[in-house]
Amino acid sequence: LGSAWFVLSQTHNTFLQRASQVDPHLSSIMSVAGSSPTKRPVSELLESIKGSATAAVHTDGLLIESCETAKRRMLPSRDVAAAISVSTTYETLEGGHIYSRATAPTRERCEALIGAIEGTPNQPAHACLYGSGLSAILGVLSRLTPTRVAITGGYHGTHGVLAQLKRISGGTKFLTVPLCEPEELGKTLSAGDVVWLETPNNPNCAVKDMAAYVQAAKKLDVRVVVDGTFAPPPLQRPLAFGVDVVMHSTTKYFAGHSDALGGLLCTSDLELAKALRNDRTELGCVPGSLETWLLLRSVRTMHLRVERQSSTATALATWFQEAITDKAHPLKGLIHAVHHPSLASSPDHAIAKKQMPGGFGAVFALELSTEAAAKALPAALHLFKDATSLGGVESLIEWRRKYDTQVSPLLLRVSCGVEDVEHLKADFVQGILAVSK
């Protein structure tokens, strides 16, 4: 045994001498790598595979496995910014990850972070991420499998998912009924059904009383799901009002930079969260590694972004409202209506003050005096992109009739970014005056 150890030691020393001539850094790393007389030294293995396809696959892994210096220098454990994990499969480890469709490091880290943001000290939240907002809608509805869903207006994609599920069920489930007032729910819904609230509503920003609907639904054993995309934390937290599940398109404010598609479900019910994650694995609705990492990066500044965007929307909505009555306003006579829950004139203002303590949202609806002006305005502005979607750091505007024929032809949906509000006002003045001549 002593002779064998001597031979191995001499071989190791010879490699270190050669390594120092080729790469002093590699020699310093290998000098602290342990070897065993009963197992071939990693240094020998590394030397023997040089120049091969095996080296391309295993060199860094063998260095990390055998050398503490390499482990410290090559692994991201001390990175300040969270690392991105792109692996689809993992080495066997008790309690570890197996396959990324089921679980993945970056996704679990992001879900833990979002659960802490959506929850409160008195109301926990368990997050489940999806590849898109629509896949999140599919996830919650396919788990709850209601016979009827009470829903009116809102995002057209939700109605599209319901239509698909109704078709798959052979027309026996996922039947839609108009959303009525809370006290009238018993006339159209029964145990197992779902109330779908989008609050604030797309595109006119109408607000629904979540607490009232939850109270009425519980008496009927009906679930309440809220699409909170227009008002993410810190603006409102639906779970605090007893809602069963809150859904977000994370493409919007959570990711916040118009570069990462995604969806999210949050619930206070741990068993329901586990079931949703299991369904997600079976359906394959997981988000990609890059999108998850971008989301993880972005939620750290969400409070800063959303609070500023919401205050900008409130300031602009108030300014446009003044144009309806103030004769000295530069846009006097050119504004037909403004819709935003921050306005005292809004029929939903009192409810919004109660359930949106962090702000009234960064989207508002603006109606100009003529259809021609409304249709032309997006192209006349400099600081607003003529684009659909919302929630990014850049301001967007769209003539909504282009995508939804049910809305007024006078209506424009405005999504406020993080620009200075006075610059946005000036852009609106020049644009509206130009299209209203």
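Just a few scattered comments:
- Within the range 321-341, tally of residues that are out of contact with any His (no Cβ under 9 Å at 6 or more places or on another chain), closer than 18 Å to Ala434 by Cα and of a type outside the set (Lys, Arg): 6
- Residues in the range 374-395 that are out of contact with any Gly (no Cβ under 7 Å at 6 or more places or on another chain) and surrounded by fewer than 22 Cβ atoms within 10 Å (Cβ to Cβ): Lys375, Ala376, Pro378, Ala379, His382, Leu383, Lys385, Asp386, Ala387, Thr388, Ser389.
- The range 62-101: number of residues that are loosely packed, with under 11 Cβ neighbours inside 10 Å and farther than 24 Å from Val286 by Cβ: 3
- Checking the stated criteria, Gly61 turns out to be more than 26 Å from the chain's Cα centre (by Cα) and under 24 Å from Leu290 (Cα atoms).
- Selection of the range 285-318 for residues being surrounded by fewer than 20 Cβ atoms within 10 Å (Cβ to Cβ) and over 30 Å from Cys110 (Cβ atoms) yields Ala315, Thr318.
- Residues of the range 246-284 that turn out to be among the hydroxyl-bearing types (Ser, Thr, Tyr) and open to solvent by less than 10 Å² (accessible area, probe 1.4 Å), as a count: 3
- Selection within the range 380-397 - outside any strand (DSSP E or B), without any contact (Cβ under 8 Å) to a residue 60 or more places away in the chain and touching a strand residue (DSSP E or B) at 6+ places or on another chain (Cβ under 6 Å): Phe384, Ala387, Thr388
- Residues (of a type in the set (Gly, Ala, Ser), part of a loop (DSSP other than H, G, I, E, B) and either more than 22 Å from Val161 (Cβ to Cβ) or more than 13 Å from the chain's Cα centre (by Cα) (or both)) located in the range 104-150: Ala104, Gly119, Ala125
- Within the range 145-173, tally of residues that are more than 19 Å from Ser249 (Cα to Cα), touching an Asp or Glu at 6+ places or on another chain (Cβ under 9 Å) and open to solvent by less than 40 Å² (accessible area, probe 1.4 Å): 3
- Cβ separations smaller than 9 Å between residues 6+ apart or across chains give no pair from the range 201-218 residues that are assigned to a helix (DSSP H, G or I) to residues that are aromatic (Phe, Trp, Tyr) and open to solvent by less than 20 Å² (accessible area, probe 1.4 Å).
- Residues of the range 112-161 that are free of Cβ contacts under 8 Å to residues at least 60 places away in the same chain and hydroxyl-bearing (Ser, Thr, Tyr): Thr145, Thr147, Thr152.
The values are calculated or read from the model by the stated rules, or taken from the named source; none is laboratory data. Because the structure is predicted, anything quoted here is derived from the model rather than measured. Neighbour counts are summed over all protein chains in view; Cβ atoms, including those assigned to glycine, are modelled from backbone coordinates with ideal geometry. In case anyone asks, the SASA skips ligands and DNA or RNA and just uses the protein heavy atoms, side chains included. Shrake-Rupley method; radii C 1.70, N 1.55, O 1.52, S 1.80 Å.
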